[in-house]
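So the structure is just underneath, and the comments pick up after that.
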Amino acid sequence: KGGNQTGVAEACCVLAQVAVFQGHHEEAGIQGREARRRFRELGDQYGEAWIVSVMGERAYSHNDLEEAADLFQSAATLAEEIQIPQFVANGLQGLGDVESARGHQRKARRFLNESLRINQEIGDTLFVAGVLASLAAVAARREEYQQATQLWGLEGHLREELGGMPPRRRGGRYDGDFAELQALTREALGESRFADALAEGAGMSVDEVVGG
């Protein structure tokens with residue numbers, strides 16, 4: 001019975017994630033609340049940390065930055081309590097994205113650098129790439145276009161090393177911000193400098209690009 005209940009909770013969580021990606025805000029909320037209720041009844045803190053992070057992405061994608069910040073902080077705190085570093089890193093990345101969208105780029109960079117450090121320690125290259133994309137957004141908003149493009153270049157290189165893994169679709173505001181910031185950066189640098197910076201980033205290490 002417990003296994004069946006866990007399966008139902010996990011299914012609700014996955015459905016919430018899919019709804020976020022597809023922009024179905026209300027459906028994501030329904031599935032997310034149900035998943036969290038079930039995980040709590042089961043005493044499954046791992047599952048609860050997972051769905052709280054998903055609900056943070058739902059709030060962010062719908063431009064509710066205050067709710068997103070609260071949820072990402074809750075996810076990171078819960079994950080720290082149960083010692084799941086990947087979920088801690090996810091929560092910190094979410095907080096960094098929120099602060100960047102709020103215009104607090106220095107604070108955002110602190111959250112993201114800590115998320116990056118954790119992901120590097122546990123050797124999760126895919127999530128390292130994701131945090132690099134978030135750091136690129138911070139750099140672009142600070143008009144540090146060269147560094148932003150190098151970060152995107154390194155992100156792309158890491159994804160190629162993983163077999164051409166595409167960027168993780170996050171839906172709503174995430175994807176819109178990414179497209180807008182890349183277009184802005186490309187225009188600021190010009191096509192030639194933008195291409196050169198992408199190539200430079202692809203040949204650099206994470207420490208070189210982030211510390212540059």
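The values are calculated or read from the model by the stated rules, or taken from the named source; none is laboratory data. These numbers come from a predicted model, not from an experiment. With ideal geometry, Cβ positions are generated from the backbone for all residues, glycine too; neighbour counts draw on all protein chains shown. Protein only, heavy atoms only, side chains kept; ligands, DNA and RNA dropped before computing areas. Shrake-Rupley method; radii C 1.70, N 1.55, O 1.52, S 1.80 Å.
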Starting from segment 78-95, keep only residues that are within 12 Å of Asn113 (Cα to Cα), then list their pairs with residues that are surrounded by 15 or more Cβ atoms within 10 Å (Cβ to Cβ) and aliphatic (A, V, I, L, M) whose Cβ atoms are within a distance under 6 Å, requiring at least 6 positions of separation or different chains.
Ala89/Ile118; Leu92/Ala76; Gln93/Val131
Of all the residues that make up segment 108-137, how many are among the aliphatic types (A, V, I, L, M) and over 10 Å from Val210 (Cβ atoms)?
9
Here the residues within segment 153-167 that are more than 14 Å from the chain's Cα centre (by Cα) and assigned to a helix (DSSP H, G or I) are Gly153, Leu154, Gly156, His157, Leu158, Arg159, Glu160, Glu161
Just name the residue that is farthest from the chain's Cα centre (by Cα) out of those in segment 199-212 that are at pLDDT 85 or above and buried (at least 19 other Cβ atoms within 10 Å of the Cβ).
Gly201
Exactly one of Gly32, Gly23, Gly103 is small (Gly, Ala, Ser), touching a helix residue (DSSP H, G or I) at 6+ places or on another chain (Cβ under 7 Å) and at positive phi, and that residue is Gly23
Only one of Ala195, Ala179 that is at pLDDT below 85, surrounded by fewer than 18 Cβ atoms within 10 Å (Cβ to Cβ) and in a helix (DSSP H, G or I):
Ala179
Tell me whether segment 128-147 contains one or more residues that are in contact with a Ser or Thr (Cβ under 8 Å, 6 or more places away or on another chain), at pLDDT below 95, surrounded by 15 or more Cβ atoms within 10 Å (Cβ to Cβ) and not in a helix (DSSP H, G or I).
no
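Each row is one residue, and each column tells you yes or no for (1) open to solvent by less than 10 Å² (accessible area, probe 1.4 Å); (2) within 23 Å of Ile122 (Cα to Cα).
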residue: Gln17; (1), (2): no, no
residue: Glu34; (1), (2): no, no
residue: Ala68; (1), (2): yes, no
residue: Leu71; (1), (2): no, no
residue: Glu80; (1), (2): no, yes
